[in-house]
1. Find how much the distance from VAL56 to GLU88 grows on full extension, using 0.36 nm per residue of separation minus their present alpha carbon separation; answer in nm with one decimal.
2. By average Cβ neighbour count within 10 Å, what is the ranking of 75-81, 8-14, 89-95 from highest down?
3. Run the accessible area of the chain with a 1.4 Å probe and give the carbon-and-sulfur part as a rounded percent.
Amino acid sequence: QVQLVESGGGLVQPGGSLRLSCAASGFSFSSYGAYWYRQAPGKERELVASISVADVTNYSDFVKGRATISRDNIQRMVNLQMNSLKPEDTAVYYCKAARLWYEYWGQGTQVTVSS
């Protein structure tokens, strides 16, 4: 059974940090690109960061310099370290794995940045 399970979300104060993790199972994770998206209330889902099978990373402008995406193919995980969090980072964060026409999503983890 294909699964992506996110963890690590929660409530954090502005300026704080969080490390989100996504555990993959049921498919050949190392052959898939991995992505983190987020969706704030009333807004479209947007790409936060991506990491290819060759560990090439890309970041959306709104997190550049504040986020680091990484993958561990042995542990079958993709992580997102986020620093200097802002209230506008509040959203549900989703991980995705994709390869060719295959695409799998997790259920999401809530991140709330508030004092």
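1. 8.9 nm
2. 89-95, 75-81, 8-14
3. Carbon with sulfur: 47 percent of the solvent-accessible area.
The values are calculated or read from the model by the stated rules, or taken from the named source; none is laboratory data. Only a predicted model underlies this, so the values are computations on that prediction, with no experimental measurement involved. Methodologically, a virtual Cβ is constructed for each residue, glycine included, from the backbone with ideal geometry; neighbour enumeration extends over all protein chains shown. These area figures cover heavy atoms from the full protein model, side chains too; ligands, DNA and RNA do not enter into them. Shrake-Rupley method; radii C 1.70, N 1.55, O 1.52, S 1.80 Å.
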